[in-house]
Amino acid sequence: ASGSGEEGEEEEEGGEEGSEAECGDAADLSRVDGFLSHAAALKRAFYGPPTARTSSCEPLLAGREAAVRAERVESDFWRVVGGGGGAERAQGGGGEVEAGVTYTATPTGGSASSSGFARPSDGPDEEPYSSSPWNPHNLPLQPGSLLVHLLPPAGAGSADGRATPLRSGVSPTTICADGAAAGLSWRLPRLELGMLWAVHSPCGAPRWAVCPGLLYSASFLLAGAPKTWYVLPPADADAFEALLRREAGGSQDGDGGGRLAALLPPPVLSAAQLQVCRAEQQPGELLVTAPRAYHISVSHGITVSESATFATEEWLPFGLTAHTAAQQQQHAAGGVGVGVGGGPLPFCFEELVLRAACNEPSVRASAALLAVLEPLAASHAAHLSSLAEAGVQLVEEPPRARCAPPAAARRSGKGGGGGGGGRGGG
């Protein structure tokens, strides 16, 4: 597991003596049982040990954590974030822990251990869950999701897509024009553990952020304590970034990836006329965030969650924005400022658009694709013109890619449902 403290990775994990007796040494954080022990000790330090009356009914938390009202957890969280209690040590539950240090972790290892959901290849014993469209393994590939056009032809490569080329002669680690790896990592859900006051965001750090590439995100809370989500609508993104610049004294306080360092509380955002939406997520519930909707979520205790990204035709303008921002940041000399793209896309945006334009049967999606293709084509034409003016000459004609007609077009060819229009035709 990999974890990070809210106040910096250089912080010690818990108290020197008391918490080590309760949680084990720092190396235990690399194990699930050690992570859970530290999480339980942190919750007990602030809210006391669970009793027959206060013990949580959630199976993962029974005997580990007391059930605490959401309003109290949130109030204490923002108090600690604001400096009112984050530096002292809290005593309770048989040991002391560092009150300002909390962790999130991403389990690593074999692919079978990195998801809480059945995989499509797990067989009929896992039905109907393995084939459910809401399964995060299947969600990015549903009809209407443009990401399905990045899949290789049927029968090519492995079932999980980890080492499958996107096209002939191109490996999954090919670097595209926007600096993204053209692999299939976007297909893999992200499983994450959390503890009391752990801040979950797409960038993996405790700060407001948007999803990489401004994609849609679906987050499943599998087990544990509730989470509180704070989300700003996409229409407030520009004003929110401007507010953080002002709070930072006018500096470009960001890393260029749509990750903004200040963890401003909701009252400050509301006072700046920003609309802050709050949602309390319970185990077994799904929450979807929109493109360029800055958000964070705060755990009320031990949590196990899993998230996946997807893209519809409504995402295309946001994808173009993320693609353009990634190119500008890649070519910019010197430092980078606050970005709006959420970091580099996990796939090549131009390849996605071209593949979808070749194979998308939906008229509505085709119209949205055309609106994106036009500025991409104009940008390429401008780049070619500048190269020609600089004296660069074409020395080798690249092979021309031919678009296969959509399946619907192939079926409507000669012979109707005959040999040329069947599944093996074309």
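The values are calculated or read from the model by the stated rules, or taken from the named source; none is laboratory data. Given the structure is predicted, the values throughout are model-derived calculations rather than measurements. No Cβ is skipped: glycine too gets one built from the backbone with ideal geometry, and neighbour counts run over all protein chains shown. Note: accessible area is taken over every heavy atom of the protein model, side chains too, but ligands, DNA and RNA are not part of it. Shrake-Rupley method; radii C 1.70, N 1.55, O 1.52, S 1.80 Å.
Report the local net charge at Pro267: Lys and Arg +1, Asp and Glu -1, summed over other residues whose C-beta lies under 13 Å from its C-beta.
Summing Lys and Arg as +1 and Asp and Glu as -1 gives +1.
Please report, as a whole percent, how much of the solvent-accessible surface of the stretch 25-64 comes from carbon and sulfur atoms (probe radius 1.4 Å).
The nonpolar share, carbon plus sulfur, comes to 55 percent.
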